[in-house]
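K.L.:
Provided herewith is a single structure, encoded as structure tokens, for subsequent inquiry.
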Amino acid sequence: MKHNWKSAVVYQIYPKSFYSHRGGPTGDLAGVIDKLDYLAWLGVDYLWLTPFFQSPQQDHGYDISDYYAIDPAYGDMQDLERLIAEARTRGIGLMLDIVVNHTSTEHPWFREARQGRDNPYRDFYIWRDAPNNWQSKFGGSAWEFDAQSGQYYLHLFDKTQADLNWANPAVRQAVFEMMRFWADKGVAGFRLDVINLIAKPADYPEDDTDGRRFYTDGPQVHDYLQQMHREVFAGRELLTVGEMSSTKLAHCIDYTQPKRRELSMAFNFHHLKVDYPQGEKWQAAPFDFIALKRILSEWQVGMVAGDGWNALFWCNHDQPRVVSRFGDDGRYRVESAKMLASVLHGLRGTPYIYQGEEIAMANPGFSRIEDYRDVESLNAWRDLRARGVAEADAMAAIRQKSRDNARTPMQWDDGPHAGFSRDQPWIGIAPDAARVNVAAAMAEPDSVLHHYRRLIALRKRHAVFADGDYRCLTPAHAAIWAYLRTSADARLLVIANFRGEPQEFDPALAPLPIGWRWQRLCANWPAAPDRPGPMRLRPYEALIFLAERG
């Protein structure tokens, strides 16, 4: 099955919280099969499933203990093979989420490695007699002492997630062999977790920072990805996307430039740090709208100029719900969710929809730390309280920033447990599930869900969504983001109000080309203008106009 991934749309599934076929506390692969008709109706081209491999679940599957085995909580190999086949019959490809920067410390490779310094698997991981000052992204030192073998091992994330030593050719060959196994199973692509962190400098230097500047986009990372392309991707029709932690634009151009033969596209997260005051994640704060436009615009222009390709997203399993973050999850939940969808899907790149985004699921607003399950959030809570941050302020930060905001069960209907399962789910249901759910959205023709479906169809119908370049028209406006996409035969104009108050739009910002016909493609309020011109934008109003040669 072949898709033009530049005009495709990817839907991300967090299987643990998507749908439980068995009715248990967690979702499963059979539950994804149960919902394929819904996903086909929505119009998506690929499904990206977060890890469902064998795992002790210290980091909800991102700590893999067996790359070849399905965790029994999700099903078995037969379930996966049926999912691949059933998705393919609906024109949908399945993407696997592969974590190869690190493994679980319960992986057989690591169990062998800790048996002694002369074990053949010792060099699969990174060991030192003394730690340097690098910090784990989950808090604390990035080094853990292994009493069994008498050295420290590196873990950029949780101490149960030991970093692999990509400088060892045997590690690379083992990873590539595993990826070929899944490609031969018929998967349509790979999402590569924190893949730009795999190349560490041989001398493990330190300074007065947390160390990330030394291993982010590190030495030989492009060599490793080019080798991966030669040995896994070449000759196969695969969509490959890299999650790039703290990356730089120049590197992402190199990662995704077709002639370099590395990856199809890249995620970056700079636009999702605009509510981190002075770079501090764990502090409740409003977002900086001017910075949001500036960062996304820089990446739009830069990737076009460098022939790179963006993966576009507001939400994923690690991020808060966008309607709560950049919109209004109260009075203007529907309007702001549609506005945010219109802005993202009008950009150049491949849009990703995270489960529940298409019905405007919001942050659950849990009020007790006991309601949270995420290891990063729990570590942050302990650190905030240890530093003397007041309980109310610490709770406000967790409530706004926790990864669990995205991990509450998918809201299918207004029945028990939101139609997710028969048993009590592994994490609480969001309190708005009785009114915000798929069944209700399907029944309402003007719902957020139907708006997403229309946007997906527009991307496939009009090549300018994929081909057009980008120009921001309102870089300094405090409330309006308007931008123009331009190709040889078409113009696309997107105008959006990011505030809950009306705003005046001046058409002088976007001079209309003479001899072109304009039409409104999409709007999120009724009685919207048919053509661009002077207009008073209503709260969170968004419009997409198309001009084609007359």
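Bear in mind that the values in this text are calculations on the coordinates, not laboratory data. Note that this is a predicted model, so its numbers are computed, not measured. Cβ: placed from backbone, ideal geometry, glycine included. Neighbour counts: every protein chain shown.
K.L.:
Could you let me know the centre-to-centre spacing of the range 307-337 and the range 419-496, using Cα atoms, in angstrom?
P.N.:
Distance between centres, Cα-based: 9 Å.
K.L.:
Tell me the relative contact order for the chain as a rounded percent, counting alpha carbon contacts under 8 Å between residues six or more apart.
P.N.:
Computed over the chain, the figure is 13 percent.
K.L.:
Which of L263, L473 has the fewest other C-beta atoms within 10 Å, and how do the rest follow up to the most?
P.N.:
L473, L263
K.L.:
What's the extension gain from Q519 to M442 if we count 0.36 nm per residue and subtract their Cα-Cα distance?
P.N.:
Answer, rounded to one decimal: 25.0 nm.
K.L.:
So how strong a dipole does the chain carry about its Cα centre when Lys and Arg Cβ are +1 and Asp and Glu Cβ are -1, to the nearest 20 debye?
P.N.:
1660
K.L.:
Arrange the following residues from fewest to most other Cβ atoms within 10 Å of their Cβ: R491, R90.
P.N.:
The order, fewest Cβ neighbours first, is R90, R491.
K.L.:
Name the lysines eligible as straight-distance cross-link partners of K293: C-alpha to C-alpha under 30 Å, and not fewer than 8 places from it in the same chain.
P.N.:
By straight Cα distance, K293 reaches K6, K137, K248, K259, K273, K281, K338, K401, K460.
K.L.:
Taking a virtual spin label 7 Å from the Cα of N4 along the C-beta vector, which residues in the range 450-468 bring their backbone nitrogen under 20 Å of it?
P.N.:
So the set is 453-468.
K.L.:
Separate question: Could you pull out every residue, at least 5 positions away or on a different chain, whose amide H is within less than 5 Å of the one on L164? Hs are placed 1.01 Å off N in the peptide plane, and Pro or chain starts have none.
P.N.:
H102, T103
K.L.:
Averaging sequence separations of C-alpha pairs under 8 Å and six or more residues apart, then dividing by the length of the range 241-399, give the relative contact order as a whole percent.
P.N.:
It comes to 20 percent, rounded to a whole number.
K.L.:
Separate question: Tell me the relative contact order for the range 369-416 as a rounded percent, counting alpha carbon contacts under 8 Å between residues six or more apart.
P.N.:
40
K.L.:
Name the long-range amide H neighbours of N310: under 5 Å, sequence gap of 5 or more, or other chain; modelled H, no Pro or chain starts.
P.N.:
Close amide H contacts, sequence-distant or interchain: T350.
K.L.:
What is the range 468-533 by shape, rounded, prolate or oblate, if you read a ≥ b ≥ c off the alpha carbon gyration tensor as root eigenvalues and call it rounded for a/c under 1.5, prolate for a/b larger than b/c, and oblate otherwise?
P.N.:
It is oblate, given that a/c is not under 1.5 and a/b is not larger than b/c.
K.L.:
Ignoring everything except DSSP H segments at least 4 long, calculate the 222 nm mean residue ellipticity for the chain; use -39,500 (n - 2.57) per segment, divide by total residues, nearest 500.
P.N.:
That comes out to -8000 deg cm²/dmol.
K.L.:
Let me make sure I get this right: for the range 108-161, a, b and c are the square roots of the gyration tensor eigenvalues over alpha carbons, sorted descending. Under 1.5 in a/c it's rounded, otherwise prolate if a/b > b/c, else oblate. Which is it?
P.N.:
Prolate, because a/c is 1.5 or more and a/b exceeds b/c.
K.L.:
For a test of the definition: using alpha carbon positions, the gyration tensor, and the 1.5 limit on a/c, classify the range 332-441 as rounded, prolate or oblate.
P.N.:
oblate
K.L.:
Turning to a different aspect of this structure: Set the Förster radius R0 to 60 Å, insert the Cβ-Cβ distance between A69 and R471 as r into 1/(1 + (r/R0)^6), and round the FRET efficiency to 0.05.
P.N.:
The value I calculate is 0.75.
K.L.:
Using Cβ counts within 10 Å as a stand-in for footprinting exposure, how do E504, E86 rank, fewest first?
P.N.:
Least crowded to most crowded, the residues run E504, E86.
K.L.:
Just want the answer: with Cβ charges of +1 for Lys and Arg and -1 for Asp and Glu, which residue in I92, A341, S141 is farthest toward the dipole's positive end in the chain?
P.N.:
A341
K.L.:
What is the Cα centroid distance between the range 216-283 and the range 339-416, reported in whole angstrom?
P.N.:
Their Cα centres are 24 Å away from one another.
K.L.:
Under unit Cβ charges (Lys, Arg +1; Asp, Glu -1), what dipole magnitude, rounded to 20 debye, does the range 156-306 have relative to its Cα centre?
P.N.:
540
K.L.:
About its Cα centre, what dipole magnitude does the range 402-550 give when the only charges are +1 on Lys and Arg Cβ and -1 on Asp and Glu Cβ, stated in debye to the nearest 20?
P.N.:
440
K.L.:
Of [x] 49, 25, 23; [y] 59, 32, 20; [z] 38, 26, 25, which one was derived for semi-axes √(5λ) of the Cα gyration tensor in Å from the structure shown?
P.N.:
The value matching this structure is [z].
K.L.:
Assuming R0 = 45 Å, can you tell me the calculated FRET efficiency for the pair E548 and A170, based on Cβ-Cβ distance, to the nearest 0.05?
P.N.:
With R0 = 45 Å, the Cβ-Cβ based efficiency is 0.20.
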